[in-house]
Amino acid sequence: MLAGKSVLVTGAAKRIGRAIALTLAQAGADVAITYRASAAEADETVAELAGLGVKATTWQCDLNNPEDIKDAVTSVIAAHGRLDLLVNNAGTFASAALESITPGEWDAMFAANTRGPFLMAQAAFPHLRESQGRIINIGSLGGLEPWSTHAHYCTSKAALHMLSQTMAKAWAPEISVNCIAPGMIVQGEVGAAYQHFADRTPMKRNGTSADVAAAALFFATGPHFITGQLLAVDGGLGL
């Protein structure tokens, strides 16, 4: 489905980003991933990607540094020759009482979850416009529902959702932009708290990285949407 395509997945050394990268590679795409500090995990992921018979590369990139972002995109183009899809997966998550959040914590959350995807999309823009490509941003159910102990996280993801819609309008029809908003995603964790969230979903289960990766594959290969969001709400997918 994606043979001959080149994709860049940020923050893909592990967890959801890794699952997305592997799923896109299984569909035939050449895959570049970025990481900030997880060098060993990134090397392992790239080795597994290469084992699928596609070109795979990894680049260290601090999304707080605009020059790092530009260098990463330039390096991907040099190594892969083109860019067809950007998946803005890298981000951060934290909980804190609203009244205790410091300005530094607030700014760091927005730098990772909103500013980073914005700068990465800007850097990738000319290459995606040339290839009539796509952007998939990884948002969160927290950007749609207020979580009282995650104010800075929820607000940063809500901003990313609006950024996705703005990108979609600004860059159509050359580039399509969509956003996936996962709810509770588990990596094999079990316990009463996880079951509590599962019980609240229509499917009575929490989501997995594979669910998010399947949504990313849908947007990577489906109709060339101008705008839209696929909401991966815990154990069920809702449009």
Report summary line: Counting only DSSP beta bridges fully inside the chain, the antiparallel percentage to nearest 5 is 10 percent
Report summary line: Taking 0.36 nm per residue of separation between Lys70 and Thr102 and subtracting their Cα-Cα distance, the length gained on full extension comes to 8.6 nm
Query raised in the report: With charges set only on the Cβ (+1 for Lys and Arg, -1 for Asp and Glu), what does the dipole of the chain come to about its Cα centre, in debye to the nearest 20?
Result: 520 debye
Query raised in the report: Carbon-plus-sulfur fraction of the accessible area of the stretch 4-60, 1.4 Å probe, in percent?
Result: 47 percent
Query - Calculated FRET efficiency for the pair Arg82/Phe218, C-beta based, R₀ 22 Å, to 0.05 - result: 0.50
Query raised in the report: What residues qualify as long-range amide H neighbours of Ala32, i.e. H under 5 Å apart, gap of 5 or more or another chain, H built at 1.01 Å from N?
Result: Val7, Leu8, Val9, Thr57
**Report entry** Inter-probe distance in nm under a simple model that places probes 7 Å from Cα toward Cβ, at Ser95 and Asp43
**Finding:** 3.5 nm
**Report entry** All Cα pairs of the stretch 2-104, percent lying beyond 22 Å
**Finding:** 29 percent
Query raised in the report: Can you work out the FRET efficiency for the pair Gln195 and Ser148, with r the C-beta to C-beta distance and R0 = 22 Å, to the nearest 0.05?
Result: 0.55
Report summary line: Rounded to the nearest Å, the spacing of the alpha-carbon centers of the stretch 44-76 and the stretch 166-211 is 24 Å
Query - Mean residue ellipticity (222 nm) of the chain, computed from DSSP H runs ≥ 4 via -39,500 (n - 2.57), nearest 500 - result: -14000 deg cm²/dmol
Report task. Let me know the charge dipole size of the stretch 37-144 about its Cα centre in debye, to the nearest 20, where only the beta-carbon of Lys, Arg (+1) and Asp, Glu (-1) is charged. Result -> 520 debye
Report task. Run the accessible area of the stretch 136-224 with a 1.4 Å probe and give the carbon-and-sulfur part as a rounded percent. Result -> 62 percent
Requested in this report: Report the one residue of Ala79, Met1, Gly104 whose Cα lies farthest in the direction of the positive end of the charge dipole of the stretch 1-110 (charges on C-beta: Lys and Arg +1, Asp and Glu -1; origin at the Cα centre).
Outcome: Met1
Query raised in the report: Hey, what do the phi angles of the stretch 61-76 turn into as Karplus ³J(HN,Hα) couplings, whole Hz, using 6.51/-1.76/1.60 and θ = phi - 60°, x for Gly and Pro?
Result: 8, 9, 5, 7, 10, x, 5, 4, 5, 4, 5, 5, 5, 4, 5, 4
Query - Residues of the stretch 76-201: accessible area per residue with a 1.4 Å probe, Å² - result: 45 Å²
Report task. Can you check how the C-alpha radius of gyration of the chain compares to 2.2 N^0.38 Å, as a plain ratio? Result -> 0.96
**Report entry** Among Ser38, Asn206, Leu63 the positive-end extreme of the charge dipole of the chain (Cβ point charges)
**Finding:** Asn206
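The values are calculated or read from the model by the stated rules, or taken from the named source; none is laboratory data. Since this is a predicted model, take the numbers as computed values, not measurements. We place every Cβ from the backbone using ideal geometry, glycine too, and count neighbours over all the protein chains shown. Protein only, heavy atoms only, side chains kept; ligands, DNA and RNA dropped before computing areas. Shrake-Rupley method; radii C 1.70, N 1.55, O 1.52, S 1.80 Å.
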